[in-house]
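Engineer: Quick one: structure below, then a few questions.
The values are calculated or read from the model by the stated rules, or taken from the named source; none is laboratory data. Remember, predicted model here, so these are calculated numbers, not experimental data. All Cβ positions, glycine included, derive from the backbone under ideal geometry; neighbour counts span all protein chains shown.
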């Protein structure tokens, strides 16, 4: 809405919004006047049709606080009646994040986004694409007996992807897959046979699911991304390690989407090159 408004129009909008807020709170002029410490006539004048009186800042603030709305909304400076703190609370949330896919919240977000494209930058290799032995090798030191839960959750996620009619784009750093194939860094000690089986799994899933499932690799020295999942236009979730930081406001979701799309545009290995790249990596397994 335009913030430029003459006095008569702003006073009329204030009257309508004040009435609406009072009705929502099931309160009347006398009760509101008592709550904010003014005469009933003060509220009556504000609510008189055709009146041009605008209250001082103190009265607006007290009315807003008593009625649970924002002063900006009452004065026509915002289209949302919630306070800034309430808007922030609903647009951004911090939730706990287990080490693997056993978290029911992340799966609920997937189900909420059924039918929308999901864009995903994992913290490492995508759990959804891993074979069971890979999950056991990776998560047993962290999860103990819950490793089988991680396996079940991975299968559930992949099964959901097959049937949800949602395109799923995954972007990973090039060095992550290279380090995996060569058993370097994080993947040091990973048996060669397991690495070969995992690469074969990547290839099988590409053959089965492409183009609904698309994988690209970006060069981390040129572009960078924190782990993030974007659930269509509904939600963007940053993975912080112990927590997920979830955003629901449109402007931030669009910003994360543009960020992901830039990773795909800058990809060193695009979705069509992915199978040939895997075959080259397979030849490097020792």
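Engineer: Tell me yes or no: at least one residue of segment 201-217 is part of a helix (DSSP H, G or I), buried (at least 19 other Cβ atoms within 10 Å of the Cβ) and either at pLDDT 95 or above or under 24 Å from the mean Cα position of the chain (by Cα) (or both).
Structural biologist: Checked segment 201-217: at least one residue is part of a helix (DSSP H, G or I), buried (at least 19 other Cβ atoms within 10 Å of the Cβ) and either at pLDDT 95 or above or under 24 Å from the mean Cα position of the chain (by Cα) (or both).
Engineer: Checking residue 245 against (1) closer than 16 Å to residue 225 by Cβ; (2) modelled with pLDDT of 95 or more, which single condition isn't satisfied?
Structural biologist: (2)
Engineer: Any idea how many residues of segment 5-19 are surrounded by 15 or more Cβ atoms within 10 Å (Cβ to Cβ) and assigned to a helix (DSSP H, G or I)?
Structural biologist: 8
Engineer: In segment 26-58, which residue that is modelled with pLDDT of 90 or more and within 38 Å of the chain's Cα centre (by Cα) is nearest to residue 10 (Cα to Cα)?
Structural biologist: 58
Engineer: Out of (1) more than 20 Å from the chain's Cα centre (by Cα); (2) within 30 Å of residue 253 (Cβ to Cβ), what's the single condition that is false for residue 195?
Structural biologist: Every listed condition holds for residue 195 apart from (2).
Engineer: Condition first: farther than 30 Å from residue 195 by Cβ, assigned to a helix (DSSP H, G or I), modelled with pLDDT of 90 or more and not assigned by TED's automatic domain parsing to the domain that holds residue 230. Can you find one or more residues in segment 69-79 that meet it?
Structural biologist: Looking through segment 69-79, none of the residues is farther than 30 Å from residue 195 by Cβ, assigned to a helix (DSSP H, G or I), modelled with pLDDT of 90 or more and not assigned by TED's automatic domain parsing to the domain that holds residue 230.
Engineer: Now for a different question. Find the residue count for segment 184-195, including only residues that are farther than 20 Å from residue 269 by Cα and in a helix (DSSP H, G or I).
Structural biologist: 6
Engineer: Would you please name the residue that is modelled with the highest pLDDT, looking only at residues in segment 94-109 that are surrounded by 16 or more Cβ atoms within 10 Å (Cβ to Cβ) and out of contact with any helix residue (DSSP H, G or I) (no Cβ under 6 Å at 6 or more places or on another chain)?
Structural biologist: Only one residue tops the list, namely 109.
Engineer: Ok, one more. Inspect segment 139-149 for any residue being at pLDDT 95 or above, over 30 Å from residue 112 (Cα atoms) and either in the same structural domain as residue 239 (by TED's automatic domain parsing) or assigned to a helix (DSSP H, G or I) (or both) and give the result as yes or no.
Structural biologist: no
Engineer: Looking only at segment 157-181, count every residue that is assigned to a helix (DSSP H, G or I), in contact with a helix residue (DSSP H, G or I) (Cβ under 8 Å, 6 or more places away or on another chain) and closer than 16 Å to residue 202 by Cα and tell me the total.
Structural biologist: The qualifying residues number 9.
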